[in-house]
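In what follows, a single structure is set out as structure tokens and then discussed.
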Amino acid sequence: MKKAEFLSALEDVLQLEDSIDENQNLLDLEEWDSLSKMAVMAYYKKTFSVEINLNDLKNIQTVNDLIKLAGSNIDG
Amino acid sequence: MSFSKFEHVKISGISVVVPEDEINIYDEAEYYGGSIKKIDRMRKMVGFWKRRVADKNTTPSDLAYNAAQNLIKEMHIDKKSIDALVFVVQQPDVISPATAYFLHDKLGLSKDCIATDINQGCAGWVFGLHMVSQMIESGAYKKVLLLNGDTPSVNIDKSDRNSAPIFGDGGSATLLEYSEDKIESFYSIETVSSGFEAIVPPFSGARFGLYSIQEDEVFEKISEIRKEKVIMPTGNEVALFGGYLDGISVFDFTIKAVPKNIKDFLEYLNLTSTDIPVLCLHQANKQIVQSVGVEAGFDVEKVPYHAFENYGNSTMCSIPTLLACLDKNIDKEKMLCCGFGNGLVVASSLLNLKDTYISKVENFVKPTYVKTRDEYVDYWRKKIKGE
């Protein structure tokens, strides 16, 4: 998956109103709540077959950190 | 994983009741800073919408009693022919004897009909079917009434946004009978007891000393911590004394363990998701239902969650409620029903409900014997005094 495609999917997963870029600090988003974290866990499992655990999410700050968790599934 | 198969157990009928009082999350905007947008977002992501709640005097057994009354009447069941009553409950009327004895008396069942409770939560309907199927398959019991009831909303403060928007109350009655003709049903039950603390009311029993009534210390401790609020890592403020629900850990467990259970079960059954018309999952919430269904290999359209949106998560009654909401024309010969929850436990079943009578979801009619708390205390005061 291309990075731009992921960003657009993430906006949908988190139900964001504004668009975000890879440098966005998730901790600054009001929407980065437990519902969003669960939605991201489900999305990664479904889309990339990647199982994210709670500790992974605790250490996340930016969208870039999230992209790294997808490994080679997101490029360009 | 433990698989089991039965060949002579017929599920003859199912009835469901829910309290008439409905709470709509759009009427609770005060808890979300008045923001309808926030509520819209939750509705879309997790399906929070409407839920049914019982009043404080109603117990799980009252809901189950009403569901049983309806089923007996609608199916013209001869009460004398019922030879076992099994009540699945996690909030019994009294700690002992089993609330099933109370229901047995109120329903007017025979002395030859045994009565017992099973303590299970969200997996309780499928778990109860599994236990009762063993009683019937052995030949010891021919006609068994399985009752389920729960009032999770009664214990949750409305301001507790971690739990309150999720849960609704309900009761169900299921009639299982011995069938001479071969009728197959299958179960897969998985116990994940390491998750015992993930969903639990920690101060509700002997571990906390709740029954040590001679000790004033217990009452002092209760009044001390009863009003204490604590902030969860998610930011939700909850009552320390209430029920604990580690939502995100439970979600993590659920989206991994439940789809695996279902996939292994299908493999054991030599079936694929295309053979199953509808996957009836415990209505935990929309996000969980859809994530589990898709991960288990089902098209999202085959995994309904509308019982959650309309009635809330009524724990062990959510699958019967969903069945009562399904289109009557759906082929019910291969119904895959899966409950999961506190324990932790995953309980999957493949049921033949082709000839099963399934009522619509009916409004609860409170039995006339239900007392207010003050009336209850007064009743017992007089009784103990011998008046």
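The values are calculated or read from the model by the stated rules, or taken from the named source; none is laboratory data. Everything numeric in this text was worked out from a predicted model, so none of it was measured. Virtual Cβ from ideal backbone geometry, glycine too; neighbours counted across all protein chains shown.
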Restricting to segment B:14-62, give me the number of residues that are in contact with a strand residue (DSSP E or B) (Cβ under 8 Å, 6 or more places away or on another chain), within 14 Å of chain A (Cβ to nearest Cβ) and under 30 Å from residue B:351 (Cβ atoms).
0
Got a number for residues in segment B:123-150 being assigned to a loop (DSSP other than H, G, I, E, B) and out of contact with any Ser or Thr (no Cβ under 8 Å at 6 or more places or on another chain)?
5
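Quick check: is even one residue across segment B:201-208 at pLDDT 95 or above, out of contact with any Lys or Arg (no Cβ under 9 Å at 6 or more places or on another chain) and surrounded by fewer than 21 Cβ atoms within 10 Å (Cβ to Cβ)?
No, segment B:201-208 has no match at all.
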Take residue A:13 and decide whether it is within 12 Å of the chain's Cα centre (by Cα), over 17 Å from residue B:249 (Cα atoms) and either among the hydroxyl-bearing types (Ser, Thr, Tyr) or within 14 Å of chain B (Cβ to nearest Cβ) (or both).
yes
With respect to residue B:108, determine if the residue is surrounded by 23 or more Cβ atoms within 10 Å (Cβ to Cβ), under 23 Å from residue B:66 (Cα atoms), modelled with pLDDT of 95 or more and of a type outside the set (Lys, Arg).
no
Can you find even one residue in segment B:118-138 that is more than 20 Å from residue B:349 (Cα to Cα) and surrounded by fewer than 17 Cβ atoms within 10 Å (Cβ to Cβ)?
no
With the structure loaded, tell me whether residue B:165 is within 14 Å of chain A (Cβ to nearest Cβ), assigned to a loop (DSSP other than H, G, I, E, B) and either within 20 Å of the chain's Cα centre (by Cα) or of a type in the set (Ser, Thr, Tyr) (or both) or whether it fails that test.
yes
Does segment B:317-324 include one or more residues that are touching a helix residue (DSSP H, G or I) at 6+ places or on another chain (Cβ under 8 Å) and either of a type in the set (D, E, K, R) or surrounded by fewer than 19 Cβ atoms within 10 Å (Cβ to Cβ) (or both)?
no
Hey, residue A:19 surrounded by 15 or more Cβ atoms within 10 Å (Cβ to Cβ) and among the polar types (S, T, N, Q) or not
no
Condition set touching a residue at least 40 places away in the same chain (Cβ under 8 Å) and not in a strand (DSSP E or B), scope segment B:2-31, selection surrounded by the fewest Cβ atoms within 10 Å (Cβ to Cβ): answer is B:7
If residue B:274 satisfies every condition in (1) out of contact with any strand residue (DSSP E or B) (no Cβ under 7 Å at 6 or more places or on another chain); (2) assigned to a helix (DSSP H, G or I); (3) within 13 Å of chain A (Cβ to nearest Cβ) but one, which is the exception?
(3)
Segment B:112-141 residues that are among the aromatic types (Phe, Trp, Tyr), paired with ones that are assigned to a helix (DSSP H, G or I) and surrounded by fewer than 22 Cβ atoms within 10 Å (Cβ to Cβ) (beta carbon under 7 Å, 6 or more apart)
B:141/B:135
If we scan segment B:363-379, do we find a residue that is part of a strand (DSSP E or B) and touching a residue at least 40 places away in the same chain (Cβ under 8 Å)?
yes
Residue hits (segment A:19-34; more than 13 Å from chain B (Cβ to nearest Cβ), over 14 Å from residue A:69 (Cβ atoms) and not in a strand (DSSP E or B)) are A:19, A:20, A:21, A:23, A:24, A:28
Kindly indicate whether residue B:153 is outside any strand (DSSP E or B) and at pLDDT below 95.
yes
Picked from segment A:52-67 (must be more than 20 Å from residue B:45 (Cβ to Cβ) and in a loop (DSSP other than H, G, I, E, B)), the residue nearest to the other protein chains (Cβ to nearest Cβ) is A:53
Quick one: in segment B:232-268, which of the residues that are more than 14 Å from chain A (Cβ to nearest Cβ) and in a strand (DSSP E or B) is nearest to the chain's Cα centre (by Cα)?
B:244
Working carefully through the options A:37, A:3, A:46, find the one that is surrounded by fewer than 17 Cβ atoms within 10 Å (Cβ to Cβ), within 14 Å of another protein chain (Cβ to nearest Cβ) and out of contact with any Lys or Arg (no Cβ under 9 Å at 6 or more places or on another chain).
A:46
Every residue from segment B:293-335 that is free of Cβ contacts under 8 Å to residues at least 40 places away in the same chain and within 14 Å of another protein chain (Cβ to nearest Cβ)
B:293, B:294, B:296, B:297, B:298, B:299, B:300, B:303
